[in-house]
Each structure stands twice: as structure tokens, then as C-alpha cells.
1. Search segment A:412-423 for residues that are polar (S, T, N, Q) and pair each with any residue that is in a helix (DSSP H, G or I) when their beta-carbon atoms are under 6 Å apart and the residues are at least 6 apart or on different chains.
2. Criterion first (aliphatic (A, V, I, L, M) and under 25 Å from A:Cys409 (Cα atoms)) does A:Ala60 satisfy it?
3. Quick one: in segment B:418-455, of everything that is in a strand (DSSP E or B) and of a type in the set (S, T, N, Q), which residue is surrounded by the most Cβ atoms within 10 Å (Cβ to Cβ)?
4. Yes or no: B:Phe15 crowded, with 22+ Cβ neighbours inside 10 Å and touching a residue at least 12 places away in the same chain (Cβ under 8 Å)?
5. Hey, any hits in segment B:223-235 for a residue that's in contact with a Phe, Trp or Tyr (Cβ under 8 Å, 6 or more places away or on another chain) and touching a residue at least 40 places away in the same chain (Cβ under 8 Å)?
6. If you scan segment A:617-640, which residues turn out to be more than 32 Å from the chain's Cα centre (by Cα) and within 14 Å of another protein chain (Cβ to nearest Cβ)?
7. Condition first: assigned to a loop (DSSP other than H, G, I, E, B), over 30 Å from B:Gly304 (Cα atoms) and out of contact with any Asp or Glu (no Cβ under 7 Å at 6 or more places or on another chain). Can you find one or more residues in segment A:604-618 that meet it?
There are 2 protein chains.
Amino acid sequence: MNPVSIPQVSIQDEFWAPRQRLVRDVVVPYQWEALNDLVPGAEPSGTIANFKAAAGELEAAHHGFVFQDSDLAKWLETVGFVLQQQRNEALEALADSAIELIGRAQMPNGYLGTFYQLQKPGLQWTNVRDDHEMYNAGHFMEAAVAYYEATGKPKALEILCKFADHIAEAFGPEETQKPGYCGHPEIELALVKLYRLTGNTKYLAMSKFFIDERGREPLYFDVELAERQAAGMKERVDRRQMAYFQSHAPIRKQQSAEGHAVRAVYLFAGATDIADEYEDSSLLESVRALWNNTVQRRMYVTGGIGSSDAFEAFSFDYDLPNERAYAETCAAIGLMNWGHRLLQIEADSKYADIMERTLYNGLLSGISLDGRSYFYVNPLEVWPVISGKRDDIPGATLRRQPWFGCACCPPNIARLIASLGRYIYSVNEEELYVHLYIGSRVAREFGGRQVTVTQRTEYPWNGVADFQLQTDGPVDFTLALRLPGWCNDIKVKVNGQPVDPALIEVKGYAKLRRAWNSGDRIQVEMAMPVELVRSHPELREAAGKVAVQRGPIVYCMEEADNGGNLRDVRLSSEATFGGRFEPELLNGVYVLESDHGWRTDASTVTDDLYVAKRYPLTQASLRFIPYYAWANRSEGEMAVWVREK
Amino acid sequence: MNPVSIPQVSIQDEFWAPRQRLVRDVVVPYQWEALNDLVPGAEPSGTIANFKAAAGELEAAHHGFVFQDSDLAKWLETVGFVLQQQRNEALEALADSAIELIGRAQMPNGYLGTFYQLQKPGLQWTNVRDDHEMYNAGHFMEAAVAYYEATGKPKALEILCKFADHIAEAFGPEETQKPGYCGHPEIELALVKLYRLTGNTKYLAMSKFFIDERGREPLYFDVELAERQAAGMKERVDRRQMAYFQSHAPIRKQQSAEGHAVRAVYLFAGATDIADEYEDSSLLESVRALWNNTVQRRMYVTGGIGSSDAFEAFSFDYDLPNERAYAETCAAIGLMNWGHRLLQIEADSKYADIMERTLYNGLLSGISLDGRSYFYVNPLEVWPVISGKRDDIPGATLRRQPWFGCACCPPNIARLIASLGRYIYSVNEEELYVHLYIGSRVAREFGGRQVTVTQRTEYPWNGVADFQLQTDGPVDFTLALRLPGWCNDIKVKVNGQPVDPALIEVKGYAKLRRAWNSGDRIQVEMAMPVELVRSHPELREAAGKVAVQRGPIVYCMEEADNGGNLRDVRLSSEATFGGRFEPELLNGVYVLESDHGWRTDASTVTDDLYVAKRYPLTQASLRFIPYYAWANRSEGEMAVWVREK
């Protein structure tokens, strides 16, 4: 039996718990203000106003994008996750009022979507390619599930089931239904969540229909377009191809991750769920091939994906430019979610490795240390002088922004952090898997006995994790400890007795099976030397360079520590590093320093642009900080990849 | 006294003479067909049709860009240069017919410009920022001068003087005149040519007016725009800034080369002429500062300039990306022309070095070996898989094109090659300067005696150049031989006797002053070892890389010789090279080979995108061809900069 994720996990550590509190105490209130257009200097959202207008309580036109509603949905889902950690009356009252507003905005037939209700009444479902109606629906479904799980209050769930029923009537294989699917995947995975909570198989079948129908000839988006044109509706010029929407071929025929990266990984996550629920091995095989293509050819060392600014998309194998990296925060979140689903089907640590790489690097970089500003785009190198001067780097910014007109990323990262507990463990009848080393407490029943496992660790700065069991009597189960791919030297001890993890390893997990007693202690000690990471030789933009990694953390150099012109810096292949935790720096980070850096000897440099000589080098001390923490000090250069000497 | 260029130089060698014949026998007829829309598969030009329509001989709307007329002008100028080498009745008849047509198209008041005549009659000179009327005029002036110098026929010159007189009435400092100047500089240098031929100082003064007025407050382009708006004329949205037109500041205040690269160097060339004619040392100082900025911070190793596709422009210091290089062929031509003018003012070989670098590399790359196709954009690296997949490399193509809708480059490179003779030497009353080593013959009078100098050389493949003098008696003058910057080992012999060039060097020229006799022979022997060139450490895109250069030729690797993934290739710092002239390859090139290349050992590479190990290397034989000759075989990767091991 597949292990499934455990949602009720309480995080208690020095790294993530403060970030969860930040989400609860700062981000959620801040984002509520943003949704209500109360943040000075931020781009207006208009989200709440849209719902009030749709409910007939405000005279206003729709503001913002067609997917503006989803910002409220993600906020509400975040609130659900926050309340799962701890109920909170004031926050719940706020959320309840929002849910009431959503309910009042819903049409009698169940439809919910302020863009069409306000701007195109009567034209619902005429452009599912572009207009995100089901995308918004999906996010609300996820929110309703999270809120119900937290509070047991049925209102949001009722609203969304009513909406889901409406969609199930409109879309499907029957003559009277449209054989369509959403231009932005999301509802596929959301319907599975709704099914898992409600047990209503209609929702599961609907998701499967969307997955199977996508990319089938005649392509629905063409059919729909022809209908709009026949009805005389205006179309704007659209350069996007079907691959942008992952509808260029049925998903079972797709070999590579194509198109808009967020859409792609949301779709693949939904398809993974369907493969799981239907035990559909051919679909699972397709999804795994797409996973391999993504993580073996199209992923940054930070776990970022979708390298191209053009259409926020995957481009092609090994095309991973650093300065021009797009690597949208939402795409990193989607990759982590997809990997998490694959991990539930097959407990192979390779999925957890990618989850972890993304989480600590290209995902976490999306939010500032104070929780108040966000990166949409996560470059691996910046050169500030280019700002506004070079057209080919349009997406990158040197500073996180307080909010975006297109505000998908800020609430997305908030909900990810708030729900992080559920990524740590998974469980089946006889096994408890530890995927992430994060200080936390989880309770679970095995063979009729309640077991509480407390994990204590200073991860990611220290590779020691301690597990302590509490139970009311001996209990038989397997504790499966992930052996991270970045680690070559892992010691495991049970009550002080060494156990060789190699002897009990199954797909990257050390499986400790025994009759456990209360008070038993398991210690994992992962050596965390600094590693110099090289890329596959086809990855041109990292050729001749190394990335500095320690444990799961990918490091970078910033100008604040190292001066400018970071491209001139070389790091010796045999470099050694000093390192220490600096509690005052960047909210507490483990910094790395090396005296084995080299720079061109400036005293030998003339005005000549080209010379037929080698410039002599001088030794340089270099300082590296975690990539996720960059751009929290003064503006300046940053580089992940350093030239290897 | 400044030495001046000698136009009547006959080229007789194996490298350039065939190219001049190609221009005469293939390019000129081909381009005439293009101008007449007779080339199958090429973008239509419409140029001749425009003139016929303006002359009232064809019922047709204006076709093409506002600067379409200039294509005919450049063609005619090329014909002038071709005829300077050797008169040719058939070609002359064709040119005369074109000149007659131009004359018939000219308005009674002297105005000539088919765009306004056909499309906006009566609105002439209302938008000199955008509409290239004086740019076209300038190219016709250059053509008229070249054609007159070749044939002595006055017709074209009369047409253009009439046009120049018309412009001189319309523009100037008087109340009744417009204080304007052209958005695309060109007329400034053309008027100086017209003045030098006719002796009419009005033309020189007009050029000076344009140079001085540019960038003065209130900015004329703003004034003119306001007038158009006041007249209710429609404007398209325009993101270009004043720097695009080099009108952001008076040229004397400009510190760096900004904006559209072709415009910039055409302007600076004109300003150099004015500084020369007026002995204006402050203007000359400004122009030299701009030159230094250009060649010390904004020029590719190939001599290409204008690195940014956005607005075909200079971007900023040391921003010289390779794949995304714009480096327009016309900008290289403009740089060479500018350097040539500076060289006439100050015989310093540093100007000739840049001229030569540009000529043999980033300029010559603009034309295919068969003369029938052209590069507008000259990248220093290509990766074919990006074609059409990445938005940030919009300009680059893997194949030269037969013609362009915007066809500035093809006729420009043709006229440069046809007129190459005049770049080789310059002269004053007592000195003959040799700037370029190109087999050629030049005749000149010193102290009343006719001297003919015959230069024989296999340059650029061989660094030996022989000069033989013919004179009807002893003659006293200085032969000043350029000591190229790329060369560290030069031997000079006079009639077999070694002369130490270091002892007679002045600003990079070895000055041989004596009483020469007929039959005297001077030999220059420039050692041509292969050099590994490194860039200034601020030039980020070449950091850690070397360019292979031999003599004036910059080399590149092509996939056809070296397989793919050229970024994986390393070249040892201490690499030695074998080399030989291969007469059958690429119309005859000197190829370089080295066994000191290295590649990742493919047998050690797995599917992993990132690994914490060093891949072992295997030795690789590498083959380099001259950069200018790339893309004349199968499509594939190309790289100038190679990683240094």
C-alpha cells in the first residue's frame, strides 16, 4: 500500500517554525490587506472588490486579470493551513466573512467567477483556453478542503461542491456537454482533493476526463475558437502555441516538459494523482518520463524550472541561462508538489531530493526574509548595470516586490510554507517515512497503538536529526529514513547503537523495522561537507563553473561580500572552506568562506580590451551565503555558478 | 601636413582582388536585379520602381522603408568604385540610365526622395528624426562623388549639388531655416566629400552646422514633434530615446558611444571630418574620447560593434554577449570608415589596427564566399537549437540571407570592398604610409618625380610583404610601414639590408626616409604565430576564455569540423598549433589545428544534471577556421571564444 502524506504535523524548529509564524502573523494579514487594496505603494489587487461587485454589494467593474479570484483562494487555503496548526478565532472570523462573501457572489446555478459575472455575463465557458475559470475553481476547491480540514466548517466546501457540480454538468463526454478542459491546469489536482475529502467519485472522474481529453484531436481550443469566431467575438492576436497549454498532444504521448512551466507541473501533478487513483501504469510511466525530462534536463541547480521569459516557459533541453533565468516561484512550488505526489506512489528518495532542492533554494528565494516582498523571477546571476538597459533580461529584478499586478507567487509561497508539515512524512499501515529533516512532531497509529514521533534537528545547517518515540507500549513498524542524495556519509544509530544504513536501504530510505518502545531514540548524522557541484556537460551556461553546496543549501556570492565583477572570480577545484552559523546575518545563516578564490591582478590590467597574454591572478577570500537569502541587503551582483580554477 | 588617403590604388592579390572581381561580376549585377525585384526568393526591394513612380513613369505606391532610396545610392557608389578600378561600358551605361532616372525623379526645387514624393507630397522635412531624407541624400552625394571620380561625368554630381543646395536653403541658423539635422547621420560626412570634390564651402559649413546643432537645447526633434502634433499629424508610439539618435547631448559633451551603432559611427566619422577641416581640436578631442570608449569597452574581438539587438545599439561598457551579439555589418563598416578618418588626422597605427581587425573579421563575415548572401547580424557564437525557440536571440541567423527587406548591409559591404584600395595607403608631400598589407600598386609624385610602389604579399595568410619602387630617378620621401599591433616580431629589410624598425618607429609606423632609386626593394616580415587572446577582465562573456588569432585573422570553431557542444571544449593555455593553407577549403583559408583540446570524457557522463564530482577529460583535436568564413558549409554550432584550460 502506498504511503500517504500526513497533514497534521507540527513544525518545531529554528528554520521553518519562524517562517510559519511569519506567514501567520505577517504574510496572511499583509496579503489580506493587499487583496483589499490597502497596501501603500503596492500594485492594487481589486480581488475583494471584485467579489463584492459580483455579490451586488458594490458598484464596480472587474479589476485585474481573469485569474484574480485565485489570489483570494490561495489566501484562504493558506488560512486553512495556518488554522490546521492552531485555531485562531480572529483569523477564522475573517476567513468566514470572506467565505460568506464568496457564497453571496456565487450564482444560483453554482457558477463562481467574478470576471465573467462582471465583465462577460452570459458568456461563461466560451473561452476556457484563456480565461482561467476552472483554474480559479481549482484553487477555491483546494482552499475549501484545507479550510474544512482545519475547522470542520462546511460552508466553503458546500460552495465549491456546488460549483464542481455545475462544472460537471457543463463539461464531459456527453452530447450535451463540452469536451473541454482548462487552459491553465489546476482543477485536475484540486478535484482529486475534493474527491478524497468527500468521497464523491464524480469529482475524480471529472479530473480523469480532463486529463484524458487534453490534447486529443480535434483540439478543443480550436473548436472553441471556431465557435467564438462564428459568433463574431473578437480575438486578440495570440502567438501562443498549443504546447504552451500542454495541449499539443495527449499527455500519454508527451515526452518532454513543454510550454508554460507552472501549467505544466500543475497538470503533471494532477495526472500523477489520476495515475495513482486509477492505478493507471501507462499514465504513470508517461508522468515519470516527463519528470525525468524535467529534472535531468530542464531544472536549475536551485530547483527552479521554466528557464525562458518568453511565455514563462520551458525552452529546450539543457537551456538554462543564469542571468536570463525565469524560474518562476510558482513553478518551483508546482515542481515540489508534483514530486511530492510521485513520492507517495513510489517511496524513492530521488523525488524527495528534488523536493528538498527546490524548497531550500529556488522556491524559498521567492520570499524576502521579512515576508513582505516577493520574487516572481529567480535568476541565478545578476549584474545590476543591465537593469533597464538590455531588452533580453526583462523579467529579472534586483529587489523583491511588495506585490504584483499578476500576484500568483506571493500567496502561493505563503500556502506552501503554511502547509510544509505535510511534506515531511508519509505513512502506510506499517511504515513511517521521513522525507524531510525538519524539527517536528507527528502522531500516528500503528497496530492499534498511538505513536508520537518527535524530530529534533538544526537542519539545514547541521546534518544531525534526532527522533524520539512515544507510545503506550511496544509497537511494530518501520521507520524509513531518507538518505539524501547530496550526502555520502550517513550514520544511523538506534538507542546509541550504530546501524549500517547501506544494509537496510531501499530506494534511498534506510528502513528500520522493529518493535519500538516508548523513549526509543534514533539518530541520523549526515555529514555536510561543502561540495563543488558541476553540471552535465551539455548545460552550456554552467560549463567550466561550479556551484557551492552544503547539505541541501545551494550557495551564492553577493557583491555585498565579494565586491563586483563576480565573473572574474575563480574558485580552486581543491578549495577548502571555513563555515559557521551567523545568527545575526540574514535571520541566521550558515556562511561559507574560502581563501582559495582567485581574481585577475588588477594592477596588470590596462585599457586594452583584448590582449595576447594571460593576466596574472591574485588570491582572494570569498564569502558565500545561501542563495535563498540573496537580495536582502544592498543591491549588487549575485552569482551561483563560479568559475572553476 | 596630414597624410590623405589615395583613392587610385589597384589591388592585385589572391585575397582581395578575387573579392573585388566578385563584387564587379556577381554582386553589382545581382544587386541591380534585387533593386529591380528580379531575384527569385529574395525579399522585394521596390527601389527602382519607387524612382520610376516618382518620375511619373510608373503608377505605383512607394514600396519599402523610408530609406529605400539609399540602396540605389550605395549600389551606384559601388559602381563608381568598380569603374575607378577599370572603366566598363556596359556597366557605365546601366549606371547612366539609373542616374537619368534619378534626375527625372528629382523635383524642380531640387528635392529628391521617393518616399515623400510618393507618399507624403508637400510634407517634406516635417520629420527629419525618422524619415531619413538627408540620410538618403548623403548616400547619393557619396555615390555622385565616386561616380564623378571614376568617369568624369557630371550628371549625378549636378543632381546632388542641386539637392544639397535645396537642403542648404531649408536648414541652417537663419530665421527662415530649420535648425534641424537628420535622425540618421550620414549627410555630415557626405557633405564633406561633396565639398572636397567641388570646393564649395557651403557644403562644408552645412555639415559643420549639423554637427554643432545636434543635441542642443531645445532639441530639434522635440520641436519638430510639437509642430507635427500641432498640425494634427499622427505619431506612432516611439520608445526610442534621444541617445538612439545621438542627440541626447551636443557631440562635444558626449563621453561614450550611445544609441544606434550605425548612426553613431557615421556621425562620429562626419565629426572627425569637420574637426579635421576646421582644425577644431576640442571637437577632435571629443571624437577621440568616443573612439577610445568604443574600441576599449564596446567592441567585439571581431571588430563588431553595437552589441544589443534592442534598437541595434550600443548598450554599455563591457556588455558584449556572444550568442546575442548584434554587431551589424553596417556598423563594422562605419567603424572602419571612422578609424580611417582618424588615421588621416593622426598617423597612429592603433587606428589602422582597428580598421584591420574589423575588415578581416566582423565586417567580412557579413558576406558569403559566393557574394550572394549576407549577414545583417554577426554573432560570435551560435547554438542552432535555439533558432526560433528563444526570444532573446531574435536577430541571429544561421545562414546568410539573399537580401533583406531592410537591405542596408548588402550594398554597404559591396561598396566597401570595391573601394578597399583607398584604405591601404595615405600620403602627404613627403610620406607614403602603408596602413594595410594588401598586394597592390600605387602611383604618386614626390618632389616632382613619379613613383610607383608595388606591394606583393600573401597577406593575411603570410606576414611577408615586398615593396618595389619604380621611379625615373632618385627621389626623396619617407616610406612609413605600419607595425601591426598583433605582431611582436617584425623584420624590415631595405634591398636585403636589415633595418631595426624599433629605431625608426613613430606611432606604430617604421619610417624609412631616404633617397630612393628605381628598383629598390623593401621587405617586411611579420611573424604570425598563433596567439591566444584574452579579454579585459570586465568583459564578462569572455571570462575564462581565449580567442584564437593569427595575424589579423580571428578564428572560430565550427561544428562541421569539431562536432557539437563547443562550450564543452577547452583549449590548453600552452596549446601549440599546426597550420596550413588549404586552397580548396572555403575559397582558400589558412586552417589551424591543435591536439591540445580537451572535452569531457563522454563515457563518464550520466543522466544526472548536477554532480558533486569533476568529470574527467579526454584529449581532443580541434580545428579552427577564420571567423569571417563561418556559415559557408552545413549549419551548426560556431564559437569564437573557447574555454581556456
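The values are calculated or read from the model by the stated rules, or taken from the named source; none is laboratory data. A quick note: this is a predicted structure, and the numbers were derived from the prediction, not measured. Here the Cβ positions follow ideal geometry from the backbone for every residue, glycine too, while neighbour counts run over all protein chains shown.
1. What qualifies is A:Asn412/A:Lys74; A:Asn412/A:Cys330; A:Asn412/A:Ile333; A:Ser419/A:Phe81.
2. Taking the combined requirement at face value, the residue does not satisfy it.
3. Looking at residues that are in a strand (DSSP E or B) and of a type in the set (S, T, N, Q), I get B:Gln455.
4. For B:Phe15, the condition - crowded, with 22+ Cβ neighbours inside 10 Å and touching a residue at least 12 places away in the same chain (Cβ under 8 Å) - is not met.
5. no
6. A:Leu617, A:Thr618, A:Ala620
7. No, that holds for no residue.
So that you can scan it fast, the table gives a plain yes or no per residue for (1) closer than 22 Å to A:Arg240 by Cα; (2) more than 24 Å from the chain's Cα centre (by Cα):
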{"site": "A:Ile159", "(1), (2)": "no, yes"}
{"site": "A:Thr176", "(1), (2)": "no, yes"}
{"site": "A:Pro185", "(1), (2)": "yes, no"}
{"site": "A:Leu191", "(1), (2)": "no, no"}
{"site": "A:Asn200", "(1), (2)": "no, yes"}
{"site": "A:Phe210", "(1), (2)": "yes, no"}
{"site": "A:Asp222", "(1), (2)": "yes, yes"}
{"site": "A:Ala226", "(1), (2)": "yes, yes"}
{"site": "A:Gln229", "(1), (2)": "yes, yes"}
